[in-house]
Amino acid sequence: MRNAVLKFLEIKESAVLVVFAILTLALASQDATFLESSELLTLARQYAELTIIAVGLTLVIATGGIDISVGSVVGVTSITLGILAVEKHWNPLIATITALGVGGIFGAINGYAVSKIKIQPVVVTLATYSAARGLAYVLSQGRPIWFVEKYGFLSNPAWEYTIPLTFAALSLAGGWIILNKTSFGRALLATGASEKAARLSGIAVSRIQLAAYTITGVLAGLAGVMTTIRVSTSVPDAGMGYEFEAITAVVMGGTSLKGGEASVIGTILGVATMAVLRRGLNLTGATEIRKMLFLGLVLIVAVILDNLRKSLIRKLRKGEKEI
Amino acid sequence: MSKRPTIQIPKELPVFLFLMSMSIVLTITRPQFLNPANVEGMGRDLSMVGIMALGMTAVIITGGIDLSVASILALSAGLGAEAMVKGLSVPIAVMITLAAGTVCGLINGVLVTKIKIPPIIVTLGTMSIFQASALYFTNSESLGPLPDSLGVLTSGTNPIIILAIITMIFWMMFAKTKSGRRLYAVGGNEEAARLSGISVDRVKIYAYMLAGLTASMGGLMMASNTLRIQANDAMGYELNVIAAAVIGGVSISGGVGSALGAVLGGMVTIVLRNGLVLLQMPEQWTNVIIGAAIFAAAAFDRLRSRREDS
């Protein structure tokens, strides 16, 4: 019996799995329509952008860093796309790639500052959080840009569900493969566990960090493009608050902020938990106040549960030794 | 073997020089910078960010961070305003505000130390919870007009005097008292501090309580300025406070920081903002410039540490 429990607890994602299961059951019991495929599809679509950003953040947090600028990068890439595709009539594909490039540049700035100048990640990304958002406002002069015509492939109806969900699925798969099956992923985790040890064992820590932050920047850019197309508008405010939600999802999923321990499966479970929570709160007609309250509480509860999981493992293991 | 004399450059010198050069450039290009009205306006804004940066510095010195200060401001000032609007005297309402802020800080401290959650996560969570509470207790309404006597906090040169007094208190605490030394000890090397008998938990809780207290003070300054307050007024303000602290030289890894630095950092952000207004640049440039300032301050600090290491 104890072995089964221990096996379950040792799954990194067990804490979030429990929370997710409880919330889903609660929601399903109150609203049976929730489990219909069309409902689930809509919900999944709503969280595609967050999923993509959360995957990037998982990689960054795995190295022991953090990136609070992702929301602002979503905003500035949204505006970039709007200005290039709509106002300057650029080829939509080139405009999109440029927008992704802008995301990558901000990511690279973060990565360079962390790896070469060795500034603390939270400070660097605080600076880019501020600067990127400011740039979004400056470039757009505070005004939204409406996508009034058809803009090539950007107006393809596949953008409603197929493309975003595909991107979300691809990022999840890609993130999982990177973390679990590649030497790059192992290097990420090693860097997070101990930068010094990683360096001594020959890992190019700087390059790893640069890569992690740049990837996250590009993913944030992708989320920016997706958000823009979803509402057919570029807004400088796009992505505001995404960093909070993304970090919440990642940490809920069992990825450790200290680095060295990460789970993409945990991250998607974290995103799913938040989706279900919000859906449930909307259903009960909760006020913005209550939603805010619950989001904060669920984050703290999830982390407490994970701590509990770890201490339970220790206690059960100690019992084993005594036998 | 000859020893190279080591010159101790005060940590705050670069910030101070930057501040001075900015101010001189501004005075030359826009003389209105030194207008009494402009200076008083900057003084009011400075008192708010400066006081809060002092508390934030205490937390960051211990190796933590507090993202919830803006929400603590909203909750504590909101409760105080409710009290005033319901007829309680201003002094009592002020007490309520300060107490509420300190209690919020206590909650943060307990969560960080006893339940062992990383500070960034705790305060991310409490940021939401405190903000939600602020909206709840004030019914999401704009409260006011608040009693005129509250305005005394931000009239004339009072805000600067208040800031100066609180800065001196923090300076003495950081530099001359046991509690202050313990903040640096815990931030510098937590294990060593613990082994030398310091109650690390208590020190951290103390730091978060200071952050909460100064956040409530910031709320009082804000409420006093316009004699009106609404729960969402200070949203996002935590970044101004953290920016001020970082520009002022506090190190996120802990163990380094000063009261003077915190206030100088605050001054830099205020002068930058004011400068942009005087130069008639669109307000949105503020965030870009502040971001660049944070970056520059942090990079400069790293450069200096590296030189000292060699």
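Observations
- The mean accessible area for residues of the stretch A:169-270, using a 1.4 Å probe and ignoring ligands and nucleic acids, is 38 Å² per residue.
- Solvent-accessible area per residue for the stretch A:1-105 (1.4 angstrom probe, square angstrom): 41 Å²
- The reciprocal of the average 1/r between distinct C-alpha atoms defines the Kirkwood hydrodynamic radius, which for the stretch B:222-310 equals 14.5 Å.
- Radius 14 Å from Cβ of residue B:55, net charge of other residues (Lys, Arg +1; Asp, Glu -1): -1
- Percent carbon-and-sulfur accessible area, the stretch A:233-278, ignoring ligands, DNA and RNA, probe 1.4 Å: 63 percent
- The protein assembly as shown: C-alpha gyration tensor shape, a/c 1.5 cut-off, then a/b vs b/c: rounded
- Accessible surface buried at the B:A interface totals approximately 3100 Å², computed with a 1.4 Å probe on protein heavy atoms.
- Heavy-atom accessible area per residue - the stretch B:84-213, 1.4 Å, Å²: 48 Å²
- Karplus (6.51, -1.76, 1.60) ³J(HN,Hα), θ = phi - 60°, over the stretch B:76-86, in Hz, Gly and Pro reported as x: 5, 5, x, 4, x, 5, 4, 4, 5, 5, 7
- The alpha carbon gyration tensor of chain B gives principal lengths a ≥ b ≥ c with a/c of 1.5 or higher and a/b no greater than b/c, which makes the shape oblate.
- Equivalent ellipsoid semi-axes - Cα gyration tensor, chain A, angstrom: 34, 26, 16
- Helical mean residue ellipticity (222 nm; -39500 (n - 2.57) per DSSP H run of 4+; nearest 500) of chain B: -24500 deg cm²/dmol
- Which listed pairs, of B:11/B:176; A:118/A:196; A:7/A:318; A:181/A:315; A:318/B:204, have C-alpha distances above 24 Å, in listed order: A:181/A:315; A:318/B:204
- Sorting the segments A:214-225, A:268-279 by their residues' average number of neighbouring beta-carbon atoms within 10 angstrom, most packed first, yields A:214-225, A:268-279.
- Relative packing of A:47-57, B:111-121, which averages over residues the other C-beta atoms within 10 Å, highest first: A:47-57, B:111-121
- Rounded, prolate or oblate (a/c below 1.5 giving rounded, otherwise prolate when a/b exceeds b/c) for the stretch B:1-124 by Cα gyration tensor: oblate
- Label point at residue A:87 placed 7 Å out along Cα→Cβ; residues across the stretch A:233-271 whose backbone nitrogen lies under 16 Å: A:233-238
- Among the residues of A:110-119, the average count of other protein chain beta-carbon atoms within 10 Å of the residue beta-carbon is 3.
- Each label was represented as a point 7 Å from its Cα along the Cα-to-Cβ direction; for residue A:7 and residue A:230 these points are 3.9 nm apart.
- Of the accessible area of the stretch B:1-81, computed with a 1.4 Å probe over protein heavy atoms only, carbon and sulfur atoms account for 68 percent.
- ³J(HN,Hα) computed for each position of the stretch A:51-67 - Karplus, 6.51 cos²θ - 1.76 cosθ + 1.60, integer Hz, glycine/proline x: 4, 4, 5, 5, 5, x, 4, 4, 5, 5, 5, 4, 7, x, x, 7, 9
The values are calculated or read from the model by the stated rules, or taken from the named source; none is laboratory data. Quick caveat, the model's predicted, so the values are computed rather than measured. Neighbour counts are summed over all protein chains in view; Cβ atoms, including those assigned to glycine, are modelled from backbone coordinates with ideal geometry. Please note that ligands, DNA and RNA were not included when accessible areas were found on the heavy atoms of the full protein model with its side chains. Shrake-Rupley method; radii C 1.70, N 1.55, O 1.52, S 1.80 Å.
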